[in-house]
1. Stick to Cα atoms and the Kirkwood definition of Rh, then tell me Rg/Rh for the range 142-187.
2. Based on the Kirkwood radius over alpha-carbon pairs, what value in µm²/s does the Stokes-Einstein equation return for the translational diffusion coefficient of the range 105-211 at 37 °C and 0.692 mPa s?
3. Take the Cα pairs of the chain, get the Kirkwood Rh, then feed it into Stokes-Einstein at 37 °C and 0.692 mPa s and tell me D in µm²/s.
4. Determine, at each q value in 0.20 (inverse angstroms), the log₁₀ of I(q)/I(0) that the Debye formula gives when each Cα of the range 1-100 is one equal point scatterer.
5. Tilt of helix 103-121 relative to the longest C-alpha principal axis of the chain, in degrees (0 to 90, nearest 10)?
6. Residue by residue through the range 151-162, what is 3J(HN,Hα) from phi via Karplus (6.51 cos²θ - 1.76 cosθ + 1.60, θ = phi - 60°)? Round to whole Hz and write x for glycine and proline.
7. Could you derive backbone 3J(HN,Hα) for the range 63-73 from the dihedral phi with the Karplus parameters 6.51, -1.76 and 1.60 (θ = phi - 60°), listing whole Hz in sequence and x where the residue is Gly or Pro?
8. Once amide H atoms are placed 1.01 Å from N in the peptide plane, what residues at a sequence separation of 5 or more from Leu206, or on another chain, have their amide H within under 5 Å of its amide H?
Amino acid sequence: MAVVGILGMTHDEEMQKKYQYPLSLVKELMMEFNPDVICGEVHPDSWKLYVDEGEPHGILGETQNEYPDLIFPFCEERGIEFVPVNWFEEDVFEEEPFDRFDEKTRQKLESQLRQWNDRQLSTWNHGNIPLNSLNYDTVTNDMYAWLHEVNPDVQNIVWNARHHIMLARVKRAIEKYPDKRILCIHGADHNYWYHQSLKNVKDIELVYPLR
């Protein structure tokens, strides 16, 4: 039976400081979980570029710094299999959720989104790991449901379709490594979707939060 862990983090270095979530803690958590496989928020083409040419920042410069700074070396040093699961298409990811609205409406929506972010981040320490708690996930779920109401055309692609593909890749990794310890690492906003999608998968032990 595969043991599957979920670990959300923040990509932003200032937020890592503010919310007491440095890469050293991420490394500590990875070492505690002791994975055989890591499913990371990296596009398969960006992973291939790194493997073939050593370019660590992705096909569009999108790969977050924690991968070349921590996760890639961690995998290489310990013989951990890295599985890239991210998905995007540059030509259909150009529109932002509020772009189609007039300036006044856009400003109002941006203000509402800031309020959502404040509410979300007010829960940062509700668990044993920053940003990894069911309270954080509840607000995050509600926030993205609101964004979907505002602009379903964009959110269906950049959020919903993206997650369906990412989780399909994770589930394929689970099938490929049925008796391994698999750690899913990504931005903390993805935790709620991962948890909802994986909690009913048969023949795995799901670990979330990790502490």
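1. Reported Rg/Rh (Cα atoms, Kirkwood Rh): 1.14.
2. Diffusion coefficient, whole number: 216 µm²/s.
3. So the translational diffusion coefficient is about 183 µm²/s.
4. Those come out to -1.12, one per q.
5. Approximately 40 degrees, to the nearest 10.
6. 8, x, 4, 6, 5, 4, 8, 6, 10, 5, 4, 4
7. 5, 5, 4, 5, 6, x, 6, 9, 6, 4, x
8. The list, which skips near neighbours in sequence, is Val4.
Taken together, the values in this text are just the output of simple stated rules run on the coordinates, not laboratory data. No experiment lies behind these values; they were computed from the predicted model shown. A quick note on method: Cβ atoms are made from the backbone with ideal geometry, for glycine too, and the neighbour counts reach across all protein chains shown.
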